[in-house]
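**Q** Next up is a structure, given as structure tokens.
The values are calculated or read from the model by the stated rules, or taken from the named source; none is laboratory data. Because the structure is a prediction, the values reported are computed rather than measured. In this analysis, Cβ positions are derived from the backbone assuming ideal geometry, glycine residues included, and neighbour counts consider all displayed protein chains. Protein only, heavy atoms only, side chains kept; ligands, DNA and RNA dropped before computing areas. Shrake-Rupley method; radii C 1.70, N 1.55, O 1.52, S 1.80 Å.
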Amino acid sequence: MTDLTNLGVKDIRDGVAKGDFTAREVASAFNAAVADAAALNAFIVTTPDYALAAADAVDSKRAAGEPLGAMAGVPIGMKDLFATDGVQTTAASHILEGFTPRYESTVSQKLWDAGAGMLGKLNLDQFAMGSSNETSYFGNVASPWKKAGSNAAMSPGGSSGGSSSAVAARIAPAATGTDTGGSIRQPAAFTGICGIKPTYGRCSRWGVVAFASSLDQAGPMARSVEDCAIMLGAMAGFDPKDSTSLDMPVPDWEAALNSDLRGKKVGIPREYRMEGTDQAILDSWEQGKVWLKDAGAEIVDVSLPHTKYALPAYYIVAPAEASSNLARYDGVRYGLRDLPDGSGLQDMYAATRAAGFGDEVKRRILIGTYVLSAGFYDAYYTQAQKVRALVARDFERAFEQCDVILAPTTPTASFPLGSMNEDPLTMYLNDVFAVPASLAGLPAMSVPATINADGLPLGLQLVGRPFDEQSVLNAGLAIQQRADFTAKPDKWW
Ligand code: GLN
């Protein structure tokens, strides 16, 4: 039998349905691969029994001739930001260590309802704050990729770095991610996989540990555009429990996949030609244009004039919302409680939060509290919201001239763990191309484009109109078919 761990979502689902192999065989193969890959530190907890139980349920359904779901028999990794009933949910923080929810997030429940199983909870940057997976309380995640000629452990990107590492290493066929300002797309680009952040509101935020509520969106990470289309279909949908959930039907993205782009216009935003971007990334962007032209699209220049203000605005809005959202972790209701002898309530709050949050999380809380303070609110928060509106308007105007935008996902390839920690600002720059679409709430995807001279993957980003995930997926498919990205990391773990 072919090695089942090389298969993706579609091949597993179809193979199980046809009877080529059982869901239990698939789950067992991935459970073994996960157990064998502890060196990546991609998982905070593994749940092999959950994967097997879900697989057995699918195998019994098939035996009984009952209809199977869109993810039937596919074991996946769940980013540890999604609350999972009975399974520890930490957001990779000490403050939530040992917290076991008694409820299931809407997105994870939808995936289980579609027949997926859970391999475990994936590591991430603490509270999804970071771009390298170095802020987790549970240790760094390593990318399965290495730079040619070097043995240094590389960053899988962040914050969904456990997800990207696991999928690229083929210890999971797919994983959930969340994207507040790039956390699906940047890790996907760093590890040579696909990841799509849908339109804000497509996937319910209910039961997802909140970072910045007006930006947070869940999405799939997998090794092909088709697999992302299938999994996004299973994750998306209206949820009355999330007040910002989109009350719109979920299109059948998989069925409508079509890489013939004749009649479509692809916009190239001139402001994305930024200093500090690797030449290899600029070259792959040029190559991307050629591919999309070859698929029938017309390439047009567009302007997104407020691009350079997007990142600074994001680093005001996101910490502001985070400082408010994270106020709930006070030692009273969840996880850690630090109650020094003879101390009072205020001391308990302070001690719990001092011990429970990592440095990056504290930095965001401080910045957020500052920009929301009475004296500085107008100077920072109100200004940032205005910039956000201008960034969104730039996209609206650009989409009068094109159907989808092509841009790099990141300015550089992955970097060695530990090499970028000196200055938080250089770390924040990782998301310079990702954040504008987040501020505007638009669907955006990263697809693998090529391998650079160091042997590391590079990604290309596609951004679409609100609700038009289909155009993003279709253009992604056109790139996938032409990029023919078959490189795999060599197994060292
Ligand atoms: N890297 C960005 C940050 O640290 C984005 C994180 C995310 O999208 N969750 O805020």
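**Q** Please determine whether any residue of the stretch 65-86 is open to solvent by 60 Å² or more (accessible area, probe 1.4 Å), over 30 Å from ARG328 (Cβ atoms), out of contact with any Leu (no Cβ under 6 Å at 6 or more places or on another chain) and among the small types (Gly, Ala, Ser).
**A** yes
**Q** Out of (1) over 30 Å from PHE99 (Cβ atoms); (2) surrounded by fewer than 21 Cβ atoms within 10 Å (Cβ to Cβ), what's the single condition that is false for GLY342?
**A** Looking at each condition in turn, GLY342 falls short on (1).
**Q** How many of the residues in the stretch 247-292 are open to solvent by 60 Å² or more (accessible area, probe 1.4 Å), closer than 21 Å to ILE451 by Cα and among the basic types (Lys, Arg)?
**A** 1
**Q** All but one of (1) within 16 Å of the ligand (Cβ to nearest atom); (2) farther than 20 Å from PRO220 by Cα; (3) polar (S, T, N, Q) hold for ASN452; state the number of the condition that does not hold.
**A** Condition not satisfied by ASN452: (1).
**Q** If you don't mind, another one. Considering only residues of the stretch 81-105 that are of a type in the set (S, T, N, Q) and in contact (Cβ under 8 Å) with a residue 24 or more places away in the chain, which is farthest from ASP242 (Cα to Cα)? Quick ask: steps written out before the conclusion?
**A** Narrowing the stretch 81-105 to residues of a type in the set (S, T, N, Q): 84, 88-90, 93, 100, 105.
Still in the list and also in contact (Cβ under 8 Å) with a residue 24 or more places away in the chain: 84, 88-90, 93, 105.
Details: THR84: 17, GLN88: 22, THR89: 19, THR90: 21, SER93: 24, SER105: 11 Å.
Looking at residues that are of a type in the set (S, T, N, Q) and in contact (Cβ under 8 Å) with a residue 24 or more places away in the chain, I get SER93.
**Q** Residues of the stretch 236-279 being assigned to a loop (DSSP other than H, G, I, E, B) and charged (D, E, K, R), which ones?
**A** Quick first cut of the stretch 236-279, residues assigned to a loop (DSSP other than H, G, I, E, B) only: 236-264, 273-278.
ASP239, LYS241, ASP242, ASP247, ASP252, GLU254, ASP260, ARG262, LYS264, ARG273, GLU275, ASP278, listed by residue number.
**Q** When you scan the stretch 116-155, how many residues do you find that are more than 13 Å from the ligand (Cβ to nearest atom) and assigned to a loop (DSSP other than H, G, I, E, B)?
**A** Start the filter on the stretch 116-155 by keeping residues that are more than 13 Å from the ligand (Cβ to nearest atom), which leaves 116-123, 137-154.
Imposing the further condition that a residue be assigned to a loop (DSSP other than H, G, I, E, B) reduces the set to 116, 123, 137-153.
Summing the residues that are more than 13 Å from the ligand (Cβ to nearest atom) and assigned to a loop (DSSP other than H, G, I, E, B) in the stretch 116-155 gives 19.
**Q** Would you mind finding the one in THR84, THR90, THR100, THR106 that is of a type in the set (Val, Ile, Thr) and within 16 Å of the ligand (Cβ to nearest atom)? Explain how you work it out, then say what you get.
**A** Numbers: THR84 fails: within 16 Å of the ligand (Cβ to nearest atom); THR100 fails: within 16 Å of the ligand (Cβ to nearest atom); THR106 fails: within 16 Å of the ligand (Cβ to nearest atom).
Checking each option against the conditions leaves just THR90.
**Q** Which numbered condition trips up PRO220, out of (1) open to solvent by less than 10 Å² (accessible area, probe 1.4 Å); (2) in a loop (DSSP other than H, G, I, E, B)?
**A** (2)
**Q** Can I ask one more? Examine the stretch 463-474 for a residue that is of a type in the set (A, V, I, L, M), away from the ligand (no atom under 16 Å from the Cβ), within 16 Å of SER284 (Cβ to Cβ) and modelled with pLDDT of 95 or more, and state whether such a residue exists.
**A** Just the residues of the stretch 463-474 that are of a type in the set (A, V, I, L, M), to begin with: 463, 472-473.
Of the ones still in play, those that are also away from the ligand (no atom under 16 Å from the Cβ) are 472-473.
From the residues that got through so far, the ones that are within 16 Å of SER284 (Cβ to Cβ) too are none.
Within the stretch 463-474 (the criterion being of a type in the set (A, V, I, L, M), away from the ligand (no atom under 16 Å from the Cβ), within 16 Å of SER284 (Cβ to Cβ) and modelled with pLDDT of 95 or more), the answer is no, since none of the residues qualifies.
**Q** Can you tell me which residue among LYS147, LYS197 is open to solvent by 10 Å² or more (accessible area, probe 1.4 Å), out of contact with any helix residue (DSSP H, G or I) (no Cβ under 6 Å at 6 or more places or on another chain) and basic (Lys, Arg)? Steps first, please.
**A** Numbers: LYS197 fails: open to solvent by 10 Å² or more (accessible area, probe 1.4 Å).
So the residue among LYS147, LYS197 that is open to solvent by 10 Å² or more (accessible area, probe 1.4 Å), out of contact with any helix residue (DSSP H, G or I) (no Cβ under 6 Å at 6 or more places or on another chain) and basic (Lys, Arg) is LYS147.
**Q** Taking the residues in the stretch 158-216 that are assigned to a strand (DSSP E or B) and among the aliphatic types (A, V, I, L, M) as candidates, determine which candidate is nearest to the ligand (Cβ to nearest atom).
**A** The first filter runs over the stretch 158-216 and keeps only residues assigned to a strand (DSSP E or B), leaving 174-179, 194-197, 208.
Going one step further and asking which of them are among the aliphatic types (A, V, I, L, M), we end up with 174-175, 196, 208.
Details: ALA174: 19, ALA175: 15, ILE196: 13, VAL208: 11 Å.
Among them, the one singled out is VAL208.
Conditions (1) of a type in the set (A, V, I, L, M); (2) open to solvent by less than 50 Å² (accessible area, probe 1.4 Å); (3) touching a helix residue (DSSP H, G or I) at 6+ places or on another chain (Cβ under 8 Å), marked per residue:
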| residue | (1), (2), (3) |
| --- | --- |
| GLY233 | no, yes, no |
| LYS241 | no, no, yes |
| ALA297 | yes, yes, yes |
| PRO305 | no, no, yes |
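**Q** Something else now. Consider only pairs whose beta carbons are under 9 Å apart and that are at least six residues apart or on different chains; among these, list those whose first residue lies in the stretch 416-429 and is closer than 18 Å to ILE316 by Cβ and whose second residue is within 12 Å of the ligand (Cβ to nearest atom) and open to solvent by 70 Å² or more (accessible area, probe 1.4 Å).
**A** Close Cβ pairs satisfying both conditions: PRO424/ARG363.
**Q** Of the residues that make up the stretch 62-84, is at least one part of a helix (DSSP H, G or I) and more than 17 Å from the chain's Cα centre (by Cα)? Reasoning before the result, please.
**A** Step one: of the stretch 62-84, the residues part of a helix (DSSP H, G or I) are 62-63.
In the following step, the residues that additionally are more than 17 Å from the chain's Cα centre (by Cα) were identified as 62-63.
Yes.
**Q** Which residue is nearest to LEU425 (Cα to Cα), if the candidates are limited to the stretch 321-335 and must be out of contact with any Lys or Arg (no Cβ under 9 Å at 6 or more places or on another chain) and crowded, with 20+ Cβ neighbours inside 10 Å?
**A** This residue is GLU321.
**Q** Something else: With the condition kept exactly as written, say whether any residue in the stretch 345-368 is within 16 Å of the ligand (Cβ to nearest atom), of a type in the set (Asp, Glu) and open to solvent by 60 Å² or more (accessible area, probe 1.4 Å). Steps first, please.
**A** Initially, the stretch 345-368 is screened for residues within 16 Å of the ligand (Cβ to nearest atom), giving 357-368.
Next, only the ones that are of a type in the set (Asp, Glu) stay: 359-360.
After this cut, where a residue has to be open to solvent by 60 Å² or more (accessible area, probe 1.4 Å) as well, the list is 359.
Yes, the stretch 345-368 has at least one match.
**Q** Failed condition for CYS402, given (1) within 28 Å of PRO198 (Cα to Cα); (2) in contact with a His (Cβ under 7 Å, 6 or more places away or on another chain), with all others met?
**A** (2)
**Q** Could you say whether any residue in the stretch 303-312 is within 16 Å of the ligand (Cβ to nearest atom) and touching a Gly at 6+ places or on another chain (Cβ under 6 Å)?
**A** Step one: list which residues in the stretch 303-312 are within 16 Å of the ligand (Cβ to nearest atom), which gives 310-312.
Subset that is touching a Gly at 6+ places or on another chain (Cβ under 6 Å): none.
No, the stretch 303-312 contains no residue that is within 16 Å of the ligand (Cβ to nearest atom) and touching a Gly at 6+ places or on another chain (Cβ under 6 Å).
**Q** ALA33 - would you say it is open to solvent by less than 10 Å² (accessible area, probe 1.4 Å) and touching a helix residue (DSSP H, G or I) at 6+ places or on another chain (Cβ under 8 Å)? It would help to see each step written out before you state the result.
**A** On the way: open to solvent by less than 10 Å² (accessible area, probe 1.4 Å): no; touching a helix residue (DSSP H, G or I) at 6+ places or on another chain (Cβ under 8 Å): yes.
So ALA33 fails the test.
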